[in-house]
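Scroll down for the structure; my scribbles are underneath it.
Only the coordinates and a few stated rules stand behind these numbers; no lab work does. The structure presented is a predicted model; accordingly, all values stated were derived computationally and were not measured. Using ideal geometry, Cβ is built from the backbone for each residue, glycine included, and neighbour counts are taken over all protein chains shown.
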Amino acid sequence: MRRKRMKSFVSKIRAASSAKIWLKPFLALAVLLIMSNNSASEATCRKEKMTWGSALMNHTYKTVHADNFVGCLLKCNEDPQCRSFNFWWNKLECAFNYAARYSAPTSFISQVNCVHRDMDSQPAKWFVDIPGEVCMGSKDDTPGAFLTPMAGKISTLKLVYISGEVGCSLVFQWSSNWGCRPDSNLLYVVITDDKDKIVFPENHNGGLIHTIPGFTSSSPELLFTFSSPLVVAAGQKYKVWYSEDLRDSTEYDNQSGKTCMKIIVTFSINLQRTEVD
Ligand SMILES: [Ca+2]
């Protein structure tokens with residue numbers, strides 16, 4: 001259909017962006033053309049990907065500045081994790097989402113100051129929410145555990161804090177959701193398979209205390225993103241460990257509490273995002 005023509009069109013936008021010439025009028029024209037491209041004619045071509053006056057909430061992992069919709073589109077397109085974006089024109093904020101409208105329909109709501117666009121033209125196969133909650137202790141071999149609900153490739157694990165606390169030092173009486181000292185960038189949560197082989201963090205240095213930009217030991221949630229998808233079978237058991245408990249290292253002075261969480265798994269059969277068209 002018009003796919004090739006639009007790819008060429010977006011290439012021109014990129015060229016214009018890098019050349020910094022007659023940029024504003026061109027981008028204004030681009031917005032209008034893309035708006036029309038995603039209007040009624042799309043119904044006969046593919047599912048609607050862009051919606052004005054709407055946003056996908058609760059799935060944003062990063063927010064950057066963008067001068068306009070097209071700038072936001074190009075920035076999202078450069079990030080392989082970006083499955084959709086919200087462009088808030090009142091704040092000129094470009095919010096990258098790790099989910100798309102079809103994979104998180106209940107989070108797709110009306111927002112008058114926003115335009116939302118999915119980056120996938122074909123729905124990938126996603127699964128969200130593992131039923132129940134998982135609780136992780138910090139000593140005496142008390143990891144949490146969960147079963148994969150289906151076979152596939154896991155691209156992210158989201159750990160959403162529900163209750164409780166863990167900690168690595170009774171002397172200091174530190175406690176937090178995911179680490180030791182509160183509000184620290186040091187995270188003590190690791191994921192293993194059923195045989196306690198570490199699957200996340202992927203490139204750990206043996207110490208197992210790791211960092212993820214934008215998250216702390218007191219964050220309401222953690223997002224573990226696999227650079228290589230974790231290939232799983234249905235019903236496979238995985239564990240959520242406190243690092244000192246897994247290594248049997250200085251457990252004696254750890255908190256006796258547990259952190260309980262909800263786990264949300266993102267599956268994708270095809271991890272290749274389609275080109276912006
Ligand atoms: Ca300790």
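Observations, loosely collected:
- Counting beta carbons within 10 Å around each of Thr106, Thr216, Thr266 and listing the fewest first gives the order Thr106, Thr216, Thr266.
- Prolate/oblate/rounded call for the stretch 148-245, Cα gyration tensor, a/c under 1.5 rounded: prolate
- Positive-end residue of Ile154, Ile191, Phe172, charge dipole of the stretch 145-214 with Cβ unit charges: Ile154
- Of the chymotrypsin sites (Phe, Trp or Tyr not before Pro) in the stretch 126-225, those whose Cβ has at most 11 other Cβ within 10 Å and which sit in DSSP loop: Phe172
- Long-range HN-HN contacts of Ser169 with modeled amide H, under 5 Å: Trp174, Gln255
- Sequence-distant residues sharing a close amide H with Phe200 (under 5 Å, placed H): Ile191
- Residue order, fewest to most beta carbons within 10 Å, for Leu208, Leu187: Leu208, Leu187
- Residues in the stretch 181-189 carry Karplus couplings, in order, of 5, x, 6, 8, 7, 7, 9, 10, 8 Hz; the curve used is 6.51 cos²θ - 1.76 cosθ + 1.60 with θ = phi - 60°, and Gly or Pro positions show x.
- Shown in residue order for the stretch 241-254 are the 3J(HN,Hα) couplings computed by the Karplus curve 6.51 cos²θ - 1.76 cosθ + 1.60 at θ = phi - 60°: 10, 7, 4, 5, 5, 5, 8, 6, 10, 6, 6, 4, 9, 8 Hz (x for Gly and Pro).
- Amide H contacts under 5 Å for Lys258: Glu165, restricted to partners 5 or more places along the chain or on a different chain, H placed in the peptide plane at 1.01 Å from N.
- Karplus 3J(HN,Hα) series, Hz, for the stretch 95-100 with 6.51 cos²θ - 1.76 cosθ + 1.60 (x for Gly, Pro): 9, 7, 10, 8, 10, 10
- Shown here are the Rg and Dmax of the Cα trace of the stretch 77-189, at 18.5, 54 Å.
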